[in-house]
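Asker: I'd like to ask you about the structure that follows.
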Amino acid sequence: MMDIPENASNLCPDGIYDRLKGCIFGAALGDAIGLATEFLSKEKARELYGIGPISFGSEKGYEFYNDYHRRRWDKGDWTDDTDQQLLVIDSLIATNGLFNSRDFAHRLRKWFDDGYPELDNKEPFGIGKTVGTVLRHPKFKSKPHQAAWDVWVQFNRNMAANGALMRTAVLGAPFFWDEKQVIKQTLQATKVTHADPRCCVSSIIVTNLISRLLKDNTQDILPDLDDETKNEILKWLQSGNPENQTDLDIDTEDPSVTIKANTKKKKKFLSKIINKVNLKGINSSKSSNGFNGVKYIRSDQFQKAREVVEIPENPPPGIDTFGADPVMLEFTRAVVERYKFIVNSIPVEQQPKSQNSTQFQVDIGEKALLQYCFPENLASLELDKDPSIGYVYKCLGSALYCFTRNLNQQPSEGEAFKTIITELTLEAGDADTNGAVAGALLGARIGYEKLPKSWVDGLKFKSWLEDRVNSLWAIISGKEDWVEVDDSYKSIDVSQDSNRK
């Protein structure tokens with residue numbers, strides 16, 4: 001059980017909790033709204049939704065386009081992006097906040113095979129080429145980092161997809177006061193499926209933005225990392241590389257050993273958390289109509305005549321006119337500058353070989369990172385351009401652009417959140433993933449209490465998600481009174497196991 005050090009944050013505990021909850025709910029909202037245009041072109045999105053608004057929860061607007069892809073989810077549901085972040089949270093709860101790659105790998109594979117029991121066991125739709133290929137690797141459960149490395153090499157070291165970035169934002173919360181631990185756990189979680197350094201640096205940038213928001217030190221001057229710390233990070237980056245003579249696996253203990261090493265009191269504490277969140281399933285009974293309770297096509301979900309889209313002659317100002325918040329922009333630049341050494345230090349033999357297998361850009365250096373992190377506007381990222389809609393730098397750049405906008409240009413921060421996420425969604429492409437990462441950053445920036453209530457209440461599993469957040473907070477804060485006592489104990493025991501996302 002963690003103890004937040006004294007003076008770890010300028011915020012009170014309730015303020016830290018509000019931002020943590022905002023991060024997790026913000027990601028779920030961005031994911032759920034982004035589903036409206038996922039895999040569509042920007043032109044098609046404009047045809048269907050104009051300039052918005054998009055209907056969600058009690059918010060009036062254009063209804064989701066009910067094609068085959070979107071009708072696989074119920075109203076108000078999120079996609080596989082949030083499912084995977086929840087698997088990270090489950091793993092953190094089971095391992096007392098110390099992330100373990102193999103524990104997470106087992107959970108990820110079980111979800112891949114069976115779905116999420118508490119979320120209607122719906123099939124994990126939308127899994128991309130990178131994640132799907134790594135999950136099928138024979139060594140995935142025992143050596144997930146090596147499996148991910150093997151797949152990366154197999155595809156010419158050019159699989160820089162966004163499937164790890166979408167799930168890792170929450171890892172800015174455990175040990176948010178300890179930068180090195182945040183980086184280590186971020187790399188552990190990223191490299192379970194994504195070995196490309198561009199994926200790693202993208203995740204590190206986002207989780208460190210989150211951790212510093214929880215510390216509330218966004219205006220502090222960040223000195224450069226010392227050489228010893230940089231070298232250690234670069235060593236962690238090699239985790240899974242089978243060509244190295246030394247064992248560079250970041251995980252040093254079997255997850256079951258880590259868990260069982262807890263005291264009896266901690267076991268009891270974990271039990272009341274894990275069992276509480278595991279018993280919060282909704283409508284989890286099996287059904288003969290579809291996959292484990294999910295009906296793929298219901299009578300009320302066939303395509304209906306849509307409302308005629310009207311685009312006003314003089315539309316309201318978009319987020320490109322908001323300008324950047326000078327504090328948030330400087331804060332973000334400082335974090336990107338702090339970690340750009342990662343892509344500047346990659347040996348030539350570990351850089352992308354060609355674009356024959358994927359369509360992601362081959363430039364792995366500082367110039368490309370900075371170009372994507374600080375775009376002139378959203379349109380310049382061409383988020384809907386096939387076949388690179390899932391490029392991790394596109395996702396990162398769109399999230400950072402949204403995160404750094406001046407929110408004072410809207411009546412409230414909640415309205416700003418809605419406007420920004422809606423405009424990002426209307427750029428289409430891999431909109432759910434882009435929305436999940438941007439939503440996590442914006443949610444952590446403004447906090448849960450300022451998120452748009454009309455959207456939050458529209459989430460299908462809102463109460464269940466809130467229980468998950470509270471259970472994670474109980475681990476991070478060490479506050480046992482956040483959950484009820486339960487005498488049983490559950491965890492995943494893995495001791496016997498030796499192009500888009």
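Asker: Accessible area per residue for the stretch 36-115 in Å², computed with a 1.4 Å probe and the full protein assembly in place, what is it?
Answerer: Details: 2610 Å² over 80 residues.
The answer is 33 Å² per residue.
Asker: Under a crude label model (7 Å from the Cα following the beta-carbon direction), how far is Glu228 from Val362 in nanometres?
Answerer: 4.0
Asker: Order Asp113, Asp216, most accessible first, counting only protein heavy atoms with a 1.4 angstrom probe.
Answerer: Numbers: Asp113 75, Asp216 50 Å².
Heavy-atom accessible area, descending, gives Asp113, Asp216.
Asker: Give me the one-decimal nm value for the distance between modelled label points at Met2 and Trp464, 7 Å along each residue's Cα-to-Cβ direction.
Answerer: 2.5
Asker: Sorted by mean Cβ packing within 10 Å, highest first, what order do the peptides 78-91, 456-469, 124-137 take? Kindly include the intermediate steps, with their values, before the conclusion.
Answerer: Working: 78-91: 25.3, 456-469: 18.4, 124-137: 20.6.
Highest to lowest by the protection proxy: 78-91, 124-137, 456-469.
Asker: Still on this structure: State whether the stretch 80-137 is rounded, prolate or oblate according to the following rule on the C-alpha gyration tensor (a ≥ b ≥ c being the square roots of its eigenvalues): a/c under 1.5 gives rounded; otherwise a/b larger than b/c gives prolate, and the remaining case gives oblate. Walk me through the numbers before you get to the answer.
Answerer: On the way: a/c = 2.03, a/b = 1.29, b/c = 1.58.
Oblate.
Asker: With equal scatterers on the alpha carbons only and no solvent term, can you work out the Debye log10 of I(q)/I(0) for the stretch 14-121 at 0.13, 0.15 1/Å?
Answerer: Treating every Cα as an identical point scatterer, log10 I(q)/I(0) equals -0.62, -0.78.
Asker: Okay, moving on. How many Lys pairs in the stretch 315-472 lie less than 23 angstrom apart by Cα atoms, where the lysines are 8 or more positions apart or on different chains?
Answerer: For the stretch 315-472, the number of qualifying lysine pairs is 17.
Asker: Translational diffusion coefficient of the stretch 97-170 at 37 °C, 0.692 mPa s, Stokes-Einstein with Kirkwood Rh over Cα pairs, in µm²/s as a whole number.
Answerer: 249
Asker: If you don't mind, another one. Quantify, in whole percent, the carbon and sulfur part of the accessible surface of the stretch 41-147 (1.4 Å probe; protein heavy atoms only).
Answerer: Numbers: 1700 of 3580 Å².
About 47 percent, which is the carbon plus sulfur part of the accessible surface.
The values are calculated or read from the model by the stated rules, or taken from the named source; none is laboratory data. Owing to the predicted nature of the structure, the values given are computational and were not obtained by experimental measurement. Backbone-built Cβ (ideal geometry, glycine too); neighbour counts: all protein chains shown. Only protein heavy atoms, including side chains, enter the accessible area calculation; ligands, DNA and RNA are left aside. Shrake-Rupley method; radii C 1.70, N 1.55, O 1.52, S 1.80 Å.
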